[in-house]
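Every number in this text was worked out from the coordinates using simple rules, so none of it is lab data. Owing to the predicted nature of the structure, the values given are computational and were not obtained by experimental measurement. Quick reminder, even Gly has a Cβ in these numbers, built from the backbone with ideal geometry, and neighbours come from all protein chains shown.
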Amino acid sequence: MPAAVIGTGNLSKRITEQLLVRGAYVIVFASSREDSSSTLEEIPRGSIIVRLDYRDKRSLISAFTTYGVEIVVSCLHGGALDLQPGIGDAAKQAGVKLFIPNDFGFPLPGYTQSTSVVREGYAQHMTRIGLPTTRVLVGMCAEGIPWLVASSSAPGKVSIIGSGNVQASFTSIIDIAGFIGHVLTSYSIPQLANQVFRLEGQSATLREIAAMYGKEAIQVDSLDDPYATYMQKQIDLGLGRYGHEARSSRMSSEEADLIIASKAWWAGHVWRNVRGALPGF
């Protein structure tokens, strides 16, 4: 099962590892536009690394075809997310059978539309061109919590923008990568086509997380990273469940059933809660 993983970040590496240990043939597409030599050294051994311009449709088609890629997993993030439709076009022309867009995260800064509309637009584009997708909604990676609550004005504390009392979904990056590796190597492409999985290791408010670690929660005006400030504001608006649509703090039975049904695809796996993913910080 030849699979291409697009991107060289932490999640990309984790997914590559999980595919390799399950016997998949993995090609990592790294951007030729970035000086990423140190990043490339961290890509798991056993995968093939191809450097190319994600905007160059001809190069993408050639690479997909050369390696007989059947599945594409996009780990692009930030502004690079907008490259997904073009990569999807190239994948379709090259005969790729399944595309997993990056649904791993929260709303995107700079967009006036809700994140559900933006990310849904990417998926709808793949549908329009006849390329099946598998979507994996996860909320936020639990391992990113220290970054999310960091402020130099309050070292060692959980810094909060807004109320800090709204639930968000947190899922371990290890579980996200493991789930993707498992389903891609355990189920057929027809079984996975057009599935939408909703994963959540634990839902919690930022104040609850502070209490978990015995840390003081303190209100601040800004965080060390402007993007973290943005994300906390999204959480406070109720946009933190699955990283998509606005949710109330209390999950409905229908929403809970969707998570249970998604996790059933990896039967027997014990999902990490926040403390399991992040023993301390």
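Backbone amide hydrogens, once placed in the peptide plane, bring Val5 within less than 5 Å of Ile27, Val28, Phe29, Val73, excluding anything fewer than 5 places away on its chain.
The calculated FRET efficiency for Gln124 paired with Tyr213, based on their beta-carbon distance and R0 = 30 Å, is about 0.15. Using the Cβ-Cβ distance between Gln195 and Ser253 with R0 = 25 Å, the FRET efficiency computed as 1/(1 + (r/R0)^6) comes to roughly 0.75. Extension gain, Arg51 to Asp82, is 9.3 nm, computed as 0.36 nm per intervening residue step minus the present C-alpha separation.
With contacts taken as Cα pairs under 8 Å and at least 6 residues apart, the chain reaches a relative contact order of 19 percent. Across region 58-85, the residues whose backbone nitrogen lies under 18 Å from the label position 7 Å along the beta-carbon direction of Ser188 are 70-71.
Every helix of 4 or more DSSP H residues in the chain counts as -39500 (n - 2.57), and over all residues that averages to -10500 deg cm²/dmol at 222 nm. For region 150-281, a simple Cβ point-charge model (Lys and Arg +1, Asp and Glu -1, everything else neutral) yields a dipole of about 220 debye relative to the Cα centre.
For Rg and Dmax of the Cα atoms in Å, the choices are (i) 17.8, 58; (ii) 18.7, 54; (iii) 19.6, 59; which was calculated from the structure? Entry (ii).
Taking GluC sites (Glu not before Pro) in DSSP loop conformation with at most 13 other Cβ atoms inside 10 Å as exposed sites, the chain has its longest uninterrupted site-free stretch at 43-215. Take the Cβ atoms of Thr66 and Leu40, set R0 to 22 Å, and the FRET efficiency comes out at 0.70.
Taking 0.36 nm per residue of sequence separation and removing the Cα-Cα distance, the Ser153/Arg275 pair yields an extension gain of 41.4 nm.
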